[in-house]
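The values are calculated or read from the model by the stated rules, or taken from the named source; none is laboratory data. Treat the numbers as computed from the prediction; the structure is a model and nothing was measured. We place every Cβ from the backbone using ideal geometry, glycine too, and count neighbours over all the protein chains shown.
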Amino acid sequence: MSKNTTFNRRSVVKMGLQVPLVSAAAGVLVACGDGEEIALCADPNMLSFGENSIRQANKYIEVSEEADKNCLNCAFFTPEPAGPDGVVPNCGDCSIFEGLASKNGYCDSWSTKDTGQG
Ligand code: SF4
């Protein structure tokens with residue numbers, strides 16, 4: 001009985017630790033250059049070392065500084081379907097990162113959807 005009790009207590013403690021982490025990930029905001037705050041699609045604190053490494057190696061940023069280049073018009077980006085209001089959600093899937101990226105983001109692997117060339 002004590003072994004099961006210990007396991008159950010550990011599970012409860014573990015669950016108690018995970019809930020705040022999940023909540024924190026959903027609410028992570030970062031400041032942009034213009035002082036505005038934006039929600040991160042993927043919290044670096046929740047990503048693996050490898051996931052963070054590929055983002056850093058590609059110099060991923062949440063808001064593109066290139067006038068006509070962003071994740072939404074990148075060949076590697078799959079946006080979520082637009083909502084009833086016609087607005088495409090901010091976060092979509094990047095096949096390079098195998099994870100979420102912002103439709104307004106940008107990285108060195110950007111490639112146009114038109115030709116497949118950068
Ligand atoms: S490859 Fe880079 S620019 Fe293209 S969707 Fe992924 S993060 Fe965005």
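Considering each residue of the stretch 47-57, count those that are outside any helix (DSSP H, G or I) and more than 14 Å from the chain's Cα centre (by Cα), and give that number. Spell out how you get there, then give the answer.
The initial filter retains those residues of the stretch 47-57 that are outside any helix (DSSP H, G or I), namely 47-48.
Pick out the ones that are also more than 14 Å from the chain's Cα centre (by Cα) and you get none.
Number of matching residues: 0.
Which residues, counting only those in the stretch 63-86, are in contact with a helix residue (DSSP H, G or I) (Cβ under 7 Å, 6 or more places away or on another chain) and in a loop (DSSP other than H, G, I, E, B)? Full working, then the answer.
Taking the stretch 63-86 first, the residues in contact with a helix residue (DSSP H, G or I) (Cβ under 7 Å, 6 or more places away or on another chain) are 77, 79.
Selection gives Pro79 alone.
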**Request:** Might you let me know whether the stretch 68-87 holds any residue that is closer than 16 Å to Asp43 by Cα and more than 8 Å from the ligand (Cβ to nearest atom)?
**Result:** no
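Of everything in the stretch 45-61, what is within 10 Å of the ligand (Cβ to nearest atom) and surrounded by 11 or more Cβ atoms within 10 Å (Cβ to Cβ)? Give them in sequence order. Please lay out each step first, then the result.
So in the stretch 45-61, the residues within 10 Å of the ligand (Cβ to nearest atom) come out as 54-55, 58-61.
Within the stretch 45-61, Ile54, Arg55, Asn58, Tyr60, Ile61 meet the criteria.
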**Prompt:** Do any residues in the stretch 65-80 that are under 17 Å from Arg55 (Cα atoms) have Cβ atoms under 6 Å from those of residues that are within 10 Å of the ligand (Cβ to nearest atom) and in a helix (DSSP H, G or I), where the two are at least six apart or on different chains, and which pairs are they?
**Reply:** Phe77/Cys71
**Request:** Would you be able to say whether some residue in the stretch 29-37 is exposed (fewer than 10 other Cβ atoms within 10 Å of the Cβ), at pLDDT 95 or above and assigned to a loop (DSSP other than H, G, I, E, B)?
**Result:** no
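Just a yes or no: is a residue in the stretch 21-28 part of a loop (DSSP other than H, G, I, E, B), modelled with pLDDT of 95 or more and under 17 Å from the mean Cα position of the chain (by Cα)?
First, the residues of the stretch 21-28 that are part of a loop (DSSP other than H, G, I, E, B): 27-28.
Among the residues that remain, those that are also modelled with pLDDT of 95 or more are: none.
Scanning the stretch 21-28, I find no residue that is part of a loop (DSSP other than H, G, I, E, B), modelled with pLDDT of 95 or more and under 17 Å from the mean Cα position of the chain (by Cα), so the answer is no.
Taking the conditions exactly as written (of a type in the set (Phe, Trp, Tyr) and closer than 20 Å to Val28 by Cβ), does Phe76 satisfy them or not?
Numbers: of a type in the set (Phe, Trp, Tyr): yes; closer than 20 Å to Val28 by Cβ: no.
In short, no.
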**Asked** Tell me, which residue of the stretch 90-118 that is more than 9 Å from the ligand (Cβ to nearest atom) and surrounded by fewer than 13 Cβ atoms within 10 Å (Cβ to Cβ) is nearest to Pro44 (Cα to Cα)?
**Response** Glu98
